[in-house]
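The values are calculated or read from the model by the stated rules, or taken from the named source; none is laboratory data. It should be emphasised that the depicted structure is a prediction, and the values quoted were computed from it without experimental measurement. The protein model used for the area step is the full one, side chains on, heavy atoms only, and it has no ligands, DNA or RNA in it. Shrake-Rupley method; radii C 1.70, N 1.55, O 1.52, S 1.80 Å.
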Amino acid sequence: MPGQFTAHPVYQIIGTIPATPRVLLYTSTVDSRIAHSTLSALHRAATVAPQGWTVVHELYDLAPTNQPRHRRTGWLTAVQLLTDGTANGLIAPAEQEIAWFPADRTTLRNWLLGLPAFAVYLRPSPGPAHPESRGERGTRSSTPDSPAGPDAAGHPREQLCPALYDRRRVPWPSIRTPAEMRSYVAITFSDWGVAQAVSEDLQLIVSELTTNSLCRTCRSPSREIVVDVMLTDDEAAVAVTDRGPYRPLRPQQAGPCDEHGRGLTLVRALASRFENRPTGDGGTTVEAAITLRGRRLATHHPQHSENSADAPQQQPLKQSPATRR
């Protein structure tokens, strides 16, 4: 078939690919740098067909994964392009970036097939059929030994299957912040289907990192703390950023009677990867990740629906970089 696309082993294809595919590229994340990196990867995926596909538009939204798609301005543009026939196909990193809940993914598929249009997702949707949930290891899109997440300069490493990504800002942290961030990490990784043992270790890690930032920024002009939560095919990670001043962090040798000094030692013991880097405004980001190799994802997933329809709206809501609430 002239427009046929030989999918990568972990790609997911919805619908029938026509002879002359005209595709739009779409992603949703809370970081514009990750969005641009993702769109580059999607563009490469569109060019591997024997005769190449025509990319008619590249769109992204700055929104968390649980943001209903009818509230995303980028997605509303994608709906219009697919509805009026400008595009007859969609390429995205994962179906759950567009419709997180299983019931809503069914609605999305039925809508695409009714246009008709097709979709190619570089990573399958979560669920019991995922290789990790069967205790197996599927074909990965990145080099097995290459770590995920930002590099030493703070820029995200380019991946073919980008991470699920969410962010929580705490403008005025308090003594309750570590407990609140533990709850935030627990809920987020539960929604993403991460194994409870991995989630519990990361909850402890984020508690230690936010406590550390809270103590060191108590006299800083800006006390804001930002917590990022990330999930790739290979690892789950948390990162805590404060406004500084930047300080290189090293585990301390605490005595048996000391009440402090064990936090970073504990973090490094639990984490598969640990990074400490300066931010562009002189602050500090500390990131810790746990490798998922050999560790199963949870097999339960939310079954709720967003109750949203794929239809253009006359006055789409103004989109701004959203934080998970």
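Computed quantities for the displayed model
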quantity	calculated
Rg to Rh, two decimals, where region 179-243 supplies the alpha carbon set and Rh follows Kirkwood	1.02
Accessible area per residue, Å², region 60-130 with all protein chains present, probe 1.4 Å	30
Val55 long-range amide H proximity, modeled H, under 5 Å	Val23
log10 of Debye I(q)/I(0), alpha-carbon scatterers only, for region 47-122 at 0.15 Å⁻¹	-0.52
Residues whose placed amide H lies under 5 Å from that of Leu90, excluding near-sequence neighbours	Leu24, Phe118, Ala119, Val120
Portion, in percent, of the accessible area of region 177-221 that falls on carbon or sulfur, probe 1.4 Å	49
Alpha-carbon gyration tensor eigenvalues x 5, square-rooted, for region 59-103, Å	18, 12, 9
